[in-house]
Amino acid sequence: MSTILLMSTMDLRDDLSFGSHEVRTWLDAGDPAEVEYIVVWGAFALDYDTLPKLKAIFSLGAGVDHLGDLSGVPDGVAVVRFVDPLLTEEMTSYVILNVLRFHREDPWYRDRQAAGEWEQIIPPAAGDVRIGVAGAGELGSAAAKALFDLGYDVAVWSRSRRSSEGMQSFIGRGALPDFLGRTKILVNLLPLTDETRGIWCAETFTMLEDGAYVINAGRGASLVEADLLACLESGRVAGAALDVFEQEPLPEGHAFWTHPRVFVTPHAASLSNPVSIGDHVMRNIVRIERGAGPIGLVDRERGY
Ligand code: NAP
Ligand code: GLV
């Protein structure tokens, strides 16, 4: 039995179960010197000097950017992100929903409905719709494969990983203009790192096909909101589905709330399932206690 400290801005205390492990919350942490594992969501400052027994920090999400700079984490402490088939399945359905929305001109049909107008347009064949998925990891590669199976012309962009399945792969910053130049619908599933902060901006939006669509389910800080609004205004970008924002919750009165070409969801594209989190943490504790590497181990140098 290990001692787990649960620190979360999501109120999951009643839903999460870690079997027979002793679970403390940050409100009632007791002696930090006894804590072996931390399960966390949110920007909590951790004083590692007070945590001599700490073996791993588990993020309650796939991303770890909320943990801030990882360079201060002591060497022997593993940083582990959440990897889960249900999380991947949910993200895939969010991406498909929004690709279909734009491919099948749903915003245009909603306008026709509001005006009571009976008008039809023939959509392009899926094979003529070029989709670019930025991030070919757990989530990006599954979404890309699902879109490919629906017949779309899919390419992926990553730092190093190539996709299989006949999709084109673009690797590294140098390949970004070519990747974007063939992209009508951009899907962002990159983690937030120093390299990806602000990556979707006026410069990169103008590399996309004219009248492109942007789907952001990675992190809000990867996208410069003022630049997106300007590109929506000019028509350079025809529409956007946004799940993540520079500031969350999205502030009252923000232009995205009422923009006719922006489809907002409240960081809900793929929510961590509490049962899966419990299983993931408990399975990884067994692995760590046996000296095996945890599933979802984060590379602290890369930041994801
Ligand atoms: P992952 O498995 O670590 O994959 C990350 C991908 O991004 C990898 O393909 C990686 O390239 C690529 N990448 C990282 N930095 C890059 C760079 N500078 N240039 C090009 N490619 C880069 O992560 P994941 O599990 O798919 O999750 C991705 C992100 O989704 C999370 O970090 C989180 O921010 C977000 N997310 C959002 C929600 C939501 O509800 N909105 C839910 C879950 C996750 P390599 O393959 O070459 O390493
Ligand atoms: C959610 O945003 C996650 O990182 O899982």
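Please treat every number below as a calculation from the coordinates, not as lab data. These numbers come from a predicted model, not from an experiment. Note that we place each Cβ from the backbone using ideal geometry, even for glycine, and neighbour counts take in every protein chain shown.
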- Item | Loop-resident sites, the range 17-124, for GluC sites (Glu not before Pro), counting at most 11 other Cβ within 10 Å (DSSP) | E117, E119
- Of T258, T183, T92, which has the largest mean-square fluctuation in a 10 Å C-alpha GNM of the chain? T258
- Task: Please state the charge dipole magnitude for the chain, taken about the Cα centre, from unit charges on C-beta atoms (+1 on K and R, -1 on D and E), reported in debye and rounded to the nearest 20.
- Result: 800
- Local electrostatic count at N284 - Lys and Arg +1, Asp and Glu -1, tallied over other residues with Cβ under 13 Å: +1
- Item | Separation between Cα centres of the range 226-304 and the range 1-42, rounded to whole Å | 23
- Task: Compute the long axis of helix 106-115 from its Cα atoms, compare it with the longest principal axis of the Cα atoms of the chain, and write down the angle in degrees, 0 to 90, nearest 10.
- Result: 60
- aspartates and glutamates near K53 by alpha-carbon distance under 16 Å, same-chain residues fewer than 8 away left out - which ones? E22, D31, E34, E36, D75, E289
- Would you be so kind as to identify which of A255, G174, A238 lies farthest towards the positive end of the dipole of the range 159-304, taking Lys and Arg as +1 and Asp and Glu as -1 on Cβ and the Cα centre as origin? G174
- Message: Within 14 Å, Cβ to Cβ, of E209, how many net charges do the neighbouring residues add up to if Lys/Arg are +1 and Asp/Glu are -1?
- Response: 0
- Task: Just rank C201, C231, fewest to most, by other beta-carbon atoms within 10 angstrom.
- Result: C201, C231
- Counting other C-beta atoms within 10 Å, which of D149, D14 has the fewest, and how do the rest follow? D14, D149
- Message: If I fit a long axis through the Cα atoms of helix 274-289 and take the longest principal axis of the Cα atoms of the chain, what angle between them do I get, 0 to 90°, rounded to 10?
- Response: 50
- Exposure-ranked with fewest Cβ neighbours within 10 Å first, V187, V286, V264, V99 stand as V286, V264, V99, V187
- Using θ = phi - 60° and the Karplus curve 6.51 cos²θ - 1.76 cosθ + 1.60, what whole-Hz ³J(HN,Hα) does each residue of the range 58-72 get, with Gly and Pro shown as x? 9, 7, 6, x, 6, x, 10, 4, 5, 7, x, 5, 8, 5, x
- Task: Would you mind counting up the charge near D84? Only other residues with Cβ under 14 Å from its Cβ, with Lys and Arg at +1 and Asp and Glu at -1.
- Result: -2
- Note on the structure: If one builds a Gaussian network model of the chain from Cα atoms under 10 Å apart, the most fluctuating residue listed among H103, H21, H254 is H254
- Note on the structure: Shape call for the range 95-184, from the Cα gyration tensor axes a ≥ b ≥ c (a/c under 1.5 means rounded, otherwise prolate when a/b beats b/c, else oblate), comes out prolate
